[in-house]
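Read through the structure below, which is laid out as structure tokens, and then see the notes.
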Amino acid sequence: QVQLVESGGGLVQTGGSLRLSCAVSAATDSSLNLAWYRQAPGKEREFVASIDYRGEMESYADSVKGRFTISKDNAKKTVNLLMNSLKLEDTAVYYCGAMRFAMPGPILRPTWWGQGTQVTVSS
């Protein structure tokens, strides 16, 4: 099975930056496509960004394009999300997700999820 553990959330002012990290562990050395999602209070969970298992293909939601960057560190077995120019509307619980053989996105959801990390942006 696959286990995902997020870290790095916190409180930040508008315009600031945060870096989220997700530690990935799998029973077998499998090729996992990874993604970040977020869920704000009273809203559905939404896609933020994804990266393929080779770290060569990235995809972003329009709302974060140009501000957020997803990356992989194969040596540390983590997937990271660097968030710059944060806005109030970025406040949410951020979740790491993983799946094999397909890319998670706005419609296709990951097979495995982490527990989430809270990001709060204040004015």
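The values are calculated or read from the model by the stated rules, or taken from the named source; none is laboratory data. Everything numeric in this text was worked out from a predicted model, so none of it was measured. All Cβ positions, even for glycine, are placed from backbone atoms using ideal geometry, and neighbour counts span all protein chains on display. To get the accessible areas, we keep the full protein, side chains included, count just its heavy atoms, and leave off ligands, DNA and RNA. Shrake-Rupley method; radii C 1.70, N 1.55, O 1.52, S 1.80 Å.
Worth a mention:
- Residue count, region 12-30 (criterion: assigned to a strand (DSSP E or B) and within 17 Å of the chain's Cα centre (by Cα)): 8
- Selected residue [hydrophobic (A, V, I, L, M, F, W, C), modelled with pLDDT of 95 or more, part of a strand (DSSP E or B) and loosely packed, with under 15 Cβ neighbours inside 10 Å] from VAL79, VAL5: VAL5
- Some residue of region 58-71 being open to solvent by 40 Å² or more (accessible area, probe 1.4 Å) and modelled with pLDDT under 95: no
- Residues that are out of contact with any strand residue (DSSP E or B) (no Cβ under 8 Å at 6 or more places or on another chain) and under 13 Å from ILE51 (Cα atoms), drawn from region 68-100: ASN74
- Region 64-76 - residue that is touching a Ser or Thr at 6+ places or on another chain (Cβ under 8 Å) and in a strand (DSSP E or B) and, of those, nearest to GLN39 (Cα to Cα): ILE70
- Residue tally, condition open to solvent by 30 Å² or more (accessible area, probe 1.4 Å) and either in contact with a Cys (Cβ under 8 Å, 6 or more places away or on another chain) or of a type in the set (Ser, Thr, Tyr) (or both), over region 8-29: 4
- Search result, residues across region 94-118 that are in contact with a Gly (Cβ under 6 Å, 6 or more places away or on another chain) and open to solvent by 50 Å² or more (accessible area, probe 1.4 Å): TRP113, GLN118
- Taking the criterion of being in contact with a Leu (Cβ under 9 Å, 6 or more places away or on another chain) and either acidic (Asp, Glu) or farther than 11 Å from ASN33 by Cα (or both), the only residue of region 50-63 that qualifies is ASP52.
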